[in-house]
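The values are calculated or read from the model by the stated rules, or taken from the named source; none is laboratory data. What you are looking at is a predicted structure, and each value in this text was computed from that prediction instead of being measured. So basically every Cβ, Gly included, is an ideal-geometry build from the backbone, and we count neighbours across all protein chains shown.
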Amino acid sequence: MSEKELKTISALFYFSSAYDFVLGVVFLLVAPWFFRVFVVDPPNHWGYVHFPALLLILFGIMFFQIAEDPKANRNLIPYGCLLKASYCSVVALHTFVFANMPDMWKPFGIADFIMLLGFLWSYKKLDPKRISSPDLGNIT
């Protein structure tokens with residue numbers, strides 16, 4: 001793995017950290033405003049928004065840890081992949097199957113899909129077998 005690839009992986013996870021952390025804070029502190037701006041009916045209790053908001057903040061912290069040392073924290077990347085895949089799946093299902101996903105949620109689904117692809121790429125690039133095995137070419 002090149003130094004450039006390692007820096008790219010760190011940058012991806014720093015971005016993901018800020019993205020999830022900020023979204024979590026927004027939905028934790030000003031969710032009613034956010035729902036009004038996008039003309040989306042809020043749930044019947046704000047706890048349904050606050051709990052996922054806190055989870056986003058926690059994942060943001062985890063992504064920061066990965067960004068700080070991607071090789072040492074590679075084991076955390078599958079959890080980020082599962083988070084992103086879960087959200088993308090919900091948005092896709094309710095958009096394409098049930099046709100009732102409010103537009104407010106769709107840009108987040110697209111962003112999470114792009115991050116999911118980056119996370120999968122990062123996980124593969126950080127594979128210890130790939131890192132520690134030098135390319136010896138065709139040895140005969």
Selection count, segment 1-17, where residues are outside any helix (DSSP H, G or I) and either among the charged types (D, E, K, R) or touching a residue at least 12 places away in the same chain (Cβ under 8 Å) (or both): 1
Would you be able to tell me the number of residues in segment 29-53 that are more than 30 Å from Thr8 (Cβ to Cβ) and assigned to a helix (DSSP H, G or I)? 13
Return the pairs, sorted by first residue and then second, in which the second residue is assigned to a helix (DSSP H, G or I) and at pLDDT 95 or above, the first residue lies in segment 82-96 and is surrounded by 13 or more Cβ atoms within 10 Å (Cβ to Cβ) and basic (Lys, Arg), the beta carbons are less than 8 Å apart, and the residues are 6+ apart or on different chains. Lys84/Asp112; Lys84/Phe113; Lys84/Met115; Lys84/Leu116; Lys84/Phe119
When Leu120 is evaluated against the numbered criteria (1) out of contact with any Asp or Glu (no Cβ under 8 Å at 6 or more places or on another chain); (2) touching a residue at least 40 places away in the same chain (Cβ under 8 Å); (3) over 23 Å from Val39 (Cα atoms), which criterion, by number, is the only one it fails? (2)
Run down Leu56, Leu76 and say which single residue is under 15 Å from Leu12 (Cα atoms), in a helix (DSSP H, G or I) and without any contact (Cβ under 8 Å) to a residue 40 or more places away in the chain. Leu76
Among the residues of segment 79-97, is any under 21 Å from Glu5 (Cβ atoms) and either of a type in the set (D, E, K, R) or touching a Ser or Thr at 6+ places or on another chain (Cβ under 9 Å) (or both)? yes
Any chance Leu23 is touching a residue at least 40 places away in the same chain (Cβ under 8 Å), part of a helix (DSSP H, G or I), touching a Pro at 6+ places or on another chain (Cβ under 9 Å) and under 24 Å from Phe119 (Cβ atoms): no
Would you point out the residue of segment 98-132, among those that are among the hydroxyl-bearing types (Ser, Thr, Tyr) and modelled with pLDDT of 95 or more, that is nearest to Glu3 (Cα to Cα)? Ser122
Checked Ala99, Ala31 against criteria (buried (at least 17 other Cβ atoms within 10 Å of the Cβ) and small (Gly, Ala, Ser)); the one match is Ala31
Could you say whether any residue in segment 103-123 is polar (S, T, N, Q), part of a helix (DSSP H, G or I) and crowded, with 16+ Cβ neighbours inside 10 Å? yes
Of all the residues that make up segment 90-122, how many are over 13 Å from the mean Cα position of the chain (by Cα) and closer than 21 Å to Leu54 by Cβ? 4
Any idea which of Ser10, Ser86, Ser16, Ser2 is among the small types (Gly, Ala, Ser) and in contact with a Phe, Trp or Tyr (Cβ under 7 Å, 6 or more places away or on another chain)? Ser16
